[in-house]
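Below: one structure, written as structure tokens.
The values are calculated or read from the model by the stated rules, or taken from the named source; none is laboratory data. Note that this is a predicted model, so its numbers are computed, not measured. Neighbour counts run over all protein chains shown; Cβ positions are idealised from the backbone, glycine included. Just the protein is used for accessible areas: all its heavy atoms, side chains included, with ligands, DNA and RNA removed. Shrake-Rupley method; radii C 1.70, N 1.55, O 1.52, S 1.80 Å.
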Amino acid sequence: MAAVVLLAVLFVRMLRPAADRELVAACAALRPAPTNKALGSLPTTVPQFTAQDQDGKMVSMADFQGKITLVNFWASWCNVCALEKPTLKRLREDLGDSIEIVTLASDADWKEIQKRFPEGPPFRVLLDPPADGDNIGRVARTFGVTAVPESFLVNREGVIQHYYINKRNWSSSVAQTCLRSIVDQS
């Protein structure tokens with residue numbers, strides 16, 4: 001009997017490290033960058049910002065405190081970004097409200113953005129207009145983004161855990177495992 005109890009205790013104690021290894025492996029498979037020019041080494045506190053949503057409401061990063069948030073920078077003129085958007089839509093469908101998907105479009109106005117989502121966006125879209133003569137928005141520049149798409153995975157405490165340069169397939173099993181593990185861990 002004592003041996004069975006001992007084995008059960010050892011098994012339970014090994015579950016957590018195994019789950020942690022799965023999280024690390026899944027998230028590493030998405031190839032996050034360890035540093036960012038503007039933010040330095042990760043993890044680091046997410047920069048605060050305010051941007052306008054499609055209804056004209058001002059939204060800030062502080063509005064997502066306490067939630068796992070995927071912050072995605074893109075632009076309507078970016079064809080690679082257009083390839084990534086359907087996978088973000090599927091991510092929203094698969095994970096529902098367990099993760100916030102906040103996208104910031106480096107566009108001057110809503111006209112071109114609305115063309116990308118004729119039936120309305122499946123996730124939150126914020127306008128991040130570029131400065132004159134630039135093609136990357138001011139919020140994107142604060143995050144150190146120099147080309148779109150780029151994404152940042154922020155935990156419930158407002159700390160950037162992962163930084164992804166270029167597009168990802170957010171509906172892939174690897175991405176799903178990484179994000180579900182982070183949601184379950186928090």
> Which shape class, rounded, prolate or oblate, goes with segment 27-100 when its Cα gyration tensor gives a ≥ b ≥ c as root eigenvalues, a/c under 1.5 marks rounded, and past that a/b bigger than b/c marks prolate?
Replying inline: rounded
> Rounded to the nearest 0.05, what FRET efficiency is calculated for Gln52 and Val183 with R0 set to 25 Å and r the Cβ-Cβ distance?
Replying inline: 0.35
> If amide H atoms are built 1.01 Å from N in the plane of the peptide, which residues on other chains or at least 5 residues away come under 5 Å of the amide H of Val125?
Replying inline: Gln54, Thr103
>> Ignoring solvent entirely, what values of log10 I(q)/I(0) come out of the Debye formula for segment 90-186 at 0.10 Å⁻¹ when each Cα is a single scatterer?
In response: -0.30
>> Just to confirm the number: angle between the C-alpha axis of helix 79-95 and the first principal axis of the chain, 0 to 90 degrees, nearest 10?
In response: 40
> Relative to the longest principal Cα axis of the chain, at what angle does helix 173-185 sit, 0 to 90 degrees, rounded to 10?
Replying inline: 70
> Mind listing which GluC sites (Glu not before Pro) in segment 52-154 are in a DSSP loop and have 12 or fewer other Cβ atoms within 10 Å?
Replying inline: Glu119
> Counting pairs of alpha carbon atoms under 8 Å apart in space and at least six apart in sequence, what relative contact order in percent does segment 108-185 give?
Replying inline: 15
> How much of the accessible area of the chain, in percent, comes from carbon and sulfur atoms when a 1.4 Å probe is used?
Replying inline: 55
> Asp107's amide H: which non-local residues (gap 5+, or another chain) put their own amide H closer than 5 Å, with H modeled 1.01 Å from N in plane and none for Pro or chain starts?
Replying inline: Asp128
>> Leaving out ligands and nucleic acids, and using a 1.4 Å probe, what accessible area per residue does segment 31-186 come to in Å²?
In response: 47
>> Running a GNM on the chain with Cα contacts under 10 Å, which residue among Pro43, Pro34, Pro118 ends up with the highest mean-square fluctuation?
In response: Pro118
> Let a ≥ b ≥ c be the square roots of the eigenvalues of the Cα gyration tensor of segment 74-116; is it rounded (a/c under 1.5), or, if not, prolate (a/b larger than b/c) or oblate?
Replying inline: prolate
> Residue separation times 0.36 nm, minus the C-alpha to C-alpha distance between Ala108 and Thr45: what's the value?
Replying inline: 19.9 nm
> Taking the DSSP beta bridges in the chain as the whole, what percent of them are antiparallel, to the nearest 5?
Replying inline: 70
>> Below 8 Å between Cα atoms, with a sequence gap of 6+, how large is the relative contact order for the chain in percent?
In response: 31
> What's the angle, to the nearest 10 degrees (0 to 90), between helix 2-29's Cα axis and the longest principal axis of the chain?
Replying inline: 20
>> Using only the Cα atoms of segment 94-142, what semi-axes does the equivalent ellipsoid have when each is the square root of 5 times a gyration tensor eigenvalue? Give whole Å, largest first.
In response: 23, 15, 5
> Which ³J(HN,Hα) values in Hz, rounded to whole numbers, follow from the phi angles of segment 115-123 under the Karplus curve 6.51 cos²θ - 1.76 cosθ + 1.60, where θ = phi - 60° and Gly and Pro get x?
Replying inline: 5, 6, 10, x, 9, x, x, x, 8
> Of Thr44, Thr142, which has the most accessible area and how do the rest follow, probe 1.4 Å?
Replying inline: Thr142, Thr44
> If we count trypsin sites (Lys or Arg not before Pro) as exposed when they sit in a DSSP loop and have at most 16 other beta carbons within 10 Å, what is the longest stretch of the chain that avoids them all?
Replying inline: 58-155
> If contacts are Cα pairs under 8 angstrom and at least 6 residues apart, what is the relative contact order of segment 46-153 in percent?
Replying inline: 33
